[in-house]
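The values are calculated or read from the model by the stated rules, or taken from the named source; none is laboratory data. If you're wondering where the values come from, they're calculated on a predicted model, not measured in any experiment. Cβ placement follows ideal geometry from the backbone for every residue including glycine, while neighbour counts extend to all protein chains displayed. Only protein heavy atoms, including side chains, enter the accessible area calculation; ligands, DNA and RNA are left aside. Shrake-Rupley method; radii C 1.70, N 1.55, O 1.52, S 1.80 Å.
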Amino acid sequence: MAWSVLCDFDGTVAQEDVTDSLLMRFGRPGWDVLEVDWREGRIGSRECMAGQIALLDCSRDELDEHLAGMTVDPDFGRFAAAVHAAGAALTIVSDGLDYAIRSMLRRHGLGDLPVVASRLVQVAPRRWRLEFPFSTAACVSASGTCKCARAGPPHVAPGLRVLMVGDGASDFCVASRADLCFASKRLLDHCLDQGLAHRAVANFGQALELWSLMSASGADALSLSRHGSNP
C-alpha cells in the first residue's frame with residue numbers, strides 16, 4: 001500500500017509545545033486568558049493563536065536563541081528517512097509557527113521537509129503577528145491550519161492511504177479522516193473514545209518499528225489493531 005504521512009509538530013516531533021514555551025518566556029499578560037477561552041470552547045484555535053502571538057515581546061535574536069535550545073525526538077530523522085525510503089511523502093502539518101518549525105528542522109538536517117503551518121511575521125523589533133495561509137472557512141475546529149484539508153484531494157493523490165502522527169486536540173478532526181493514526185497523549189484518548197483506527201506510540205522509536213512492520217506486511221498493516229497497542 002502507498003501512504004501519505006501527515007505529522008504534527010508541537011509535542012510530537014518537538015518534545016514540547018514550542019509555542020507554549022515561547023509564550024511562557026516572552027508572553028505579555030493575557031496570553032493565558034486566551035488559552036483558557038480556547039480550551040473552554042469560547043474561541044477557536046486560530047483566534048487564540050493570533051491573539052497570543054500579538055502578545056509576544058521578543059527580538060528575533062531572542063527568538064532564535066530560544067529555539068536553539070528546543071529539542072526534537074531523537075528518532076524522528078530515522079523515521080522520516082524510512083518513510084522516504086519506502087517512496088512515501090511526509091509532510092509536517094501544524095497549528096504552530098512555521099518559522100519555529102523550519103528553524104528546528106534545519107538544525108537537525110531536516111530542512112527539506114515540507115511544512116504546512118501558520119506564518120510568523122515580524123512587524124516591529126519586538127512585535128509579531130500570525131498569518132494563516134492554510135486556514136479554511138469550512139474548518140470545523142476554526143484552526144490556523146486546517147489539517148483535514150491536507151488529508152484529501154488535491155493534496156493526497158487517489159489510491160494513497162493517509163497516516164496521521166499526532167498527540168493533541170488539533171489532530172482530532174484529521175484523525176477521523178485518516179486511514180490510520182500513530183497516536184499519543186490526548187489524541188490516543190480520542191482515538192480510543194471514537195473507535196478510530198490507530199496504534200499507540202510514545203515516541204518515534206516506536207513509530208519507526210511500526211512503520212517498518214507496515215512496510216514489510218503491506219495490506220496486513222491495517223489489521224495490526226483498530227484499538228491499538230504498542231508493538
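Observations on the model:
- Sole exception among (1) over 15 Å from the mean Cα position of the chain (by Cα); (2) under 26 Å from Ser184 (Cβ atoms); (3) not polar (S, T, N, Q) for Cys58, by number: (2)
- One residue stands out among those in region 92-110 that are under 16 Å from the mean Cα position of the chain (by Cα) and not in a helix (DSSP H, G or I): the one that is surrounded by the most Cβ atoms within 10 Å (Cβ to Cβ), which is Ser94.
- In region 26-34, the condition of being under 28 Å from Ala142 (Cβ atoms) and under 17 Å from the mean Cα position of the chain (by Cα) is met by no residue.
- Looking only at residues of region 21-56 that are part of a loop (DSSP other than H, G, I, E, B) and modelled with pLDDT of 95 or more, we find that the one that is surrounded by the most Cβ atoms within 10 Å (Cβ to Cβ) is Leu55.
- A residue that is open to solvent by less than 20 Å² (accessible area, probe 1.4 Å), polar (S, T, N, Q) and closer than 24 Å to Trp3 by Cα occurs somewhere in region 136-153.
- Each residue in region 1-20 was checked for being assigned to a helix (DSSP H, G or I) and buried (at least 18 other Cβ atoms within 10 Å of the Cβ), and 2 of them qualify.
- The residues of region 57-73 that are over 16 Å from Ser103 (Cα atoms) and exposed (fewer than 13 other Cβ atoms within 10 Å of the Cβ) amount to a single one, Asp57.
- Criterion applied to Arg78, Arg106, Arg60 was being among the charged types (D, E, K, R) and touching a Pro at 6+ places or on another chain (Cβ under 9 Å), and the one residue passing it is Arg60.
- Pick from region 114-132, criterion in contact with a strand residue (DSSP E or B) (Cβ under 6 Å, 6 or more places away or on another chain) and not in a strand (DSSP E or B), ranking: surrounded by the most Cβ atoms within 10 Å (Cβ to Cβ): Phe132
- For region 74-87, residues that are assigned to a loop (DSSP other than H, G, I, E, B) and under 13 Å from Val165 (Cβ atoms) total 1.
- Looking only at region 61-73, and only at residues there that are assigned to a loop (DSSP other than H, G, I, E, B) and free of Cβ contacts under 8 Å to residues at least 60 places away in the same chain, the one that is nearest to His108 (Cα to Cα): Thr71
- Residues that are touching a Ser or Thr at 6+ places or on another chain (Cβ under 7 Å) and not polar (S, T, N, Q), drawn from region 15-49: Trp38, Gly44, Arg46, Met49
Rundown of residues vs (1) farther than 27 Å from Glu47 by Cα; (2) aromatic (Phe, Trp, Tyr); (3) at pLDDT below 95; (4) open to solvent by less than 20 Å² (accessible area, probe 1.4 Å), yes/no style:
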residue: Gly159; (1), (2), (3), (4): yes, no, yes, no
residue: Asp189; (1), (2), (3), (4): no, no, no, no
residue: Gly205; (1), (2), (3), (4): yes, no, no, yes
residue: Leu224; (1), (2), (3), (4): yes, no, yes, no
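- On the stretch given as region 134-154, residues that are assigned to a loop (DSSP other than H, G, I, E, B) and out of contact with any Asp or Glu (no Cβ under 9 Å at 6 or more places or on another chain) total 11.
- Hits in region 140-154 (condition: out of contact with any strand residue (DSSP E or B) (no Cβ under 8 Å at 6 or more places or on another chain) and touching a residue at least 40 places away in the same chain (Cβ under 8 Å)): Ser141, Ala142
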